[in-house]
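Student: Please read through the structure below; I'll follow up with questions.
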Amino acid sequence: MNHKPVEGFSKLTKQGKIDWLVNEYLEGNQDYQNILNQYWNENADLQKLHDEFSENTISNFYMPYGIAPNFLINGKLFALPMAVEESSVVAAASKAAKFWIDKGGFKTTIINTEKLGHTHFIIDVESHKLQHFFNFNLKKKLFEATEAITANMRNRGGGILDIKLIDKTSEMPNYYQLKASFDTVDSMGANFINSCLEQFGKTLKQEIVISEDFTHEEKNSLQIVMNILSNFTPDCVVRAEVSCKIEDLKDDSGISNEEFARKFKQAVTIAEIEPFRATTHNKGIMNGVDAVVIATGNDFRATEACAHAYAAKDGRYSSLTHCTIDNGIFRFWIDLPISVGVVGGLTNLHPLVKFSLALLGKPSAQELMSILAVSGLAQNFGALRSLVTTGIQKGHMKMHLLNILNQMGATEEEKQHFVTYFKDKTVTHHEVINEFNRLREK
């Protein structure tokens, strides 16, 4: 198929965009128009709100919005909203929450809340000269130049915490950074941080140009490359943990409490030392984290990037969770770097995001950090518990069974037959097809 480029696509009406797509790529088949239409919200104002969240919107893409109840976190009981399409994520989180509810639940600690951003720049100058200029002139001017930007944030207890000059010339010729740390209180703070950084870039250029400390050649060598926040926030970290006596680790899989604890710790240790396992291990953690991040209107791509960078911070990709079984006590925890907000962005616009935050008791950003870390830890506990006992497929494939049956067009009566049929059997795609064909041939 030879398609033609389109000019001014963003300027077309919503219907104009759809008409062009259907005619250019889908052979004019109006069934595709109907697919898009059936996911539009009947409330025109609500649909318009969704249309304006992003660019070139032609429909909505639904994800299941589920609830994982019985999470006891720092003595308070929560039901967690989870937006996720993967089978068994909500079930595993719920099962883990129920397991720990009578063992003291989950405890969390906010380790730090600093967020980072950088002005990246090039200048051909001796490092000691630039450092002197920064210490005795520039740093003060950077704070002064951003006072108007930071006023509201400072009134809420946040703002710019510190600014440092970082010499990176050993890694790239003439490369330096202004590295700034921020406290953005209850907002994720991306726009605030980037606004401050862009002003840093302007002030840096202005101050060097008027300074008598630099030669004409040095001033001309200055290049402001970019001003941008970092999604790697190693100093914005929350810890979530569970612990109990090994004798209280009652598991219904048939193995002893001691063997369960030993095998569980071995599984975590393998993820700590083996990157191939750590990748899947951490992906499972982020199943739990991202589902709540999405439900609360935060940026799951930022949380993913940060978590995986943090997992590799010591030079080798490793587990985000850890486990000990010392002195008869089982302890399992996660240190999760995460930057989220409960004001700004979609939190004030998306009706389901508002619902999620209300369901969670309208948490502060730090409280939401704690909830997210707990969700990730619970998901990981559920996965490892299955892996070291019955195996992951038994539970996962039972959850996946309905997806297979829906693909095959099974009736509700047939679905009930399969639930009964696999009650004491392991679900496999091959066996589902065989039994489905046998049932239909009757």
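The values are calculated or read from the model by the stated rules, or taken from the named source; none is laboratory data. A quick note: this is a predicted structure, and the numbers were derived from the prediction, not measured. Virtual Cβ from ideal backbone geometry, glycine too; neighbours counted across all protein chains shown. When the accessible area is computed, the model is the full protein with side chains, heavy atoms only, and any ligands, DNA or RNA have been set aside. Shrake-Rupley method; radii C 1.70, N 1.55, O 1.52, S 1.80 Å.
Student: Taking the condition touching a residue at least 60 places away in the same chain (Cβ under 8 Å), within 18 Å of residue 69 (Cα to Cα) and open to solvent by 10 Å² or more (accessible area, probe 1.4 Å), does residue 345 pass? Give the derivation first.
Tutor: Numbers: touching a residue at least 60 places away in the same chain (Cβ under 8 Å): yes; within 18 Å of residue 69 (Cα to Cα): no; open to solvent by 10 Å² or more (accessible area, probe 1.4 Å): yes.
Judged against the criteria, residue 345 is not a match.
Student: Checking residue 297 against (1) assigned to a helix (DSSP H, G or I); (2) crowded, with 21+ Cβ neighbours inside 10 Å: exactly one of these is not met. Which one?
Tutor: Here residue 297 clears every test but (1).
Student: Shifting gears a bit: Given (1) more than 30 Å from residue 354 (Cβ to Cβ); (2) assigned to a strand (DSSP E or B); (3) of a type outside the set (Lys, Arg); (4) under 16 Å from the mean Cα position of the chain (by Cα), where does residue 336 come up short, assuming only one miss?
Tutor: Result: residue 336 fails condition (1) only.
Student: Here's another thing I want to ask about it. Out of the residues in the range 161-210 that are touching a strand residue (DSSP E or B) at 6+ places or on another chain (Cβ under 6 Å) and among the aliphatic types (A, V, I, L, M), which is most open to solvent (accessible area, probe 1.4 Å)?
Tutor: Within the range 161-210, the match that is most open to solvent (accessible area, probe 1.4 Å) is 161.
Student: Go over the candidates 277, 316 one by one and state the one that is open to solvent by 10 Å² or more (accessible area, probe 1.4 Å) and either assigned to a helix (DSSP H, G or I) or not charged (D, E, K, R) (or both).
Tutor: Working: 316 fails: either assigned to a helix (DSSP H, G or I) or not charged (D, E, K, R) (or both).
Answer to the selection: 277.
Student: Inside the range 329-342, can you point out the residues that are open to solvent by 10 Å² or more (accessible area, probe 1.4 Å), aliphatic (A, V, I, L, M) and under 10 Å from residue 365 (Cα atoms)? Even if it seems obvious, please write down each step before you answer.
Tutor: In the first step, residues of the range 329-342 are kept if they are open to solvent by 10 Å² or more (accessible area, probe 1.4 Å); the result is 329, 331, 333, 335, 339, 342.
Next, from what is left, pick out any that are aliphatic (A, V, I, L, M): 329, 342.
Once the filter is applied, which keeps residues that are open to solvent by 10 Å² or more (accessible area, probe 1.4 Å), aliphatic (A, V, I, L, M) and under 10 Å from residue 365 (Cα atoms), the range 329-342 yields only 342.
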